[in-house]
Amino acid sequence: MFSLFAAATLGASVPTHLDPLDFFSGHSHGVGTIWIVFKGTQPLRVTSFGRPDGHGGIILNQTIRRGSEPPKNRSWNLRSTSPTTLTGTLSDASGPVTGTVSATTLTLDYPMKGYLSASQTLVLQPGGRVLLNHMTVSIFGFTVATIDERITKD
């Protein structure tokens, strides 16, 4: 009997669906590392605040702290285009952000300045309050930077 109760309790904490607009509404913070070719690995901290844009999407403002560099601000504007797709803009991007959601995984792709392209995979963890983010930045197919980050919804 106890094992059935424990299994039901554990199963209840395992999310089956990620709603990125819901996850990023309100405050969240990320902690991780960034690796850049020829520069090495540095600590990374991100604070975020998301709010509805009034049109069914979200505006996500972020402050990024990388190593000892001054903080940088950036802003996302994302909206769902179907139950499994997103589109939007990012102040760092040189073109549109596209995204797909599959169960507990969000994948985001966007171009960056200087022929760079970024791809992020964010996976919702048990409990539903943490995303693990892995980002790869590449140029002509060669990886020039990666980020590994744990994002927690406050």
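Reported count of residues in the range 30-46, each being open to solvent by 70 Å² or more (accessible area, probe 1.4 Å) and either within 22 Å of THR87 (Cα to Cα) or not in a loop (DSSP other than H, G, I, E, B) (or both), is 5. Of the residues making up the range 57-75, those that are open to solvent by 70 Å² or more (accessible area, probe 1.4 Å) and assigned to a strand (DSSP E or B) number 3. Taking the listed residues ASP109, ASP148, the one that is at pLDDT 95 or above, acidic (Asp, Glu), within 23 Å of VAL31 (Cβ to Cβ) and in a strand (DSSP E or B) is ASP148, with no other qualifying. Selection over the range 91-106 of residues that are within 16 Å of ALA145 (Cβ to Cβ) and either modelled with pLDDT of 95 or more or in a strand (DSSP E or B) (or both) gives a count of 2. Does GLY40 meet the test of being closer than 19 Å to SER119 by Cα and free of Cβ contacts under 8 Å to residues at least 60 places away in the same chain? For GLY40, the condition - closer than 19 Å to SER119 by Cα and free of Cβ contacts under 8 Å to residues at least 60 places away in the same chain - is not met.
Table: residues versus (1) assigned to a strand (DSSP E or B); (2) hydroxyl-bearing (Ser, Thr, Tyr); (3) touching a Leu at 6+ places or on another chain (Cβ under 6 Å); (4) open to solvent by 50 Å² or more (accessible area, probe 1.4 Å).
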position: ASN77; (1), (2), (3), (4): yes, no, no, yes
position: LEU86; (1), (2), (3), (4): yes, no, yes, no
position: THR89; (1), (2), (3), (4): yes, yes, no, yes
position: SER119; (1), (2), (3), (4): yes, yes, no, no
position: GLY128; (1), (2), (3), (4): no, no, no, no
position: LEU132; (1), (2), (3), (4): yes, no, no, yes
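All conditions but one from (1) closer than 12 Å to PRO20 by Cα; (2) among the hydroxyl-bearing types (Ser, Thr, Tyr); (3) without any contact (Cβ under 8 Å) to a residue 24 or more places away in the chain apply to THR105; the one that does not is (3). Every condition in (1) in a loop (DSSP other than H, G, I, E, B); (2) on the phi < 0 side of the Ramachandran plot holds for GLY54 except the one numbered (2). Restricting attention to the range 134-154 and to residues that are out of contact with any Ser or Thr (no Cβ under 7 Å at 6 or more places or on another chain) and not hydrophobic (A, V, I, L, M, F, W, C), the residue that is surrounded by the most Cβ atoms within 10 Å (Cβ to Cβ) turns out to be GLU149.
The values are calculated or read from the model by the stated rules, or taken from the named source; none is laboratory data. The structure displayed is predicted, hence computed values, not measured ones. Neighbour counts are summed over all protein chains in view; Cβ atoms, including those assigned to glycine, are modelled from backbone coordinates with ideal geometry. We work out accessible area using only protein heavy atoms, side chains counted, and drop any ligands, DNA or RNA first. Shrake-Rupley method; radii C 1.70, N 1.55, O 1.52, S 1.80 Å.
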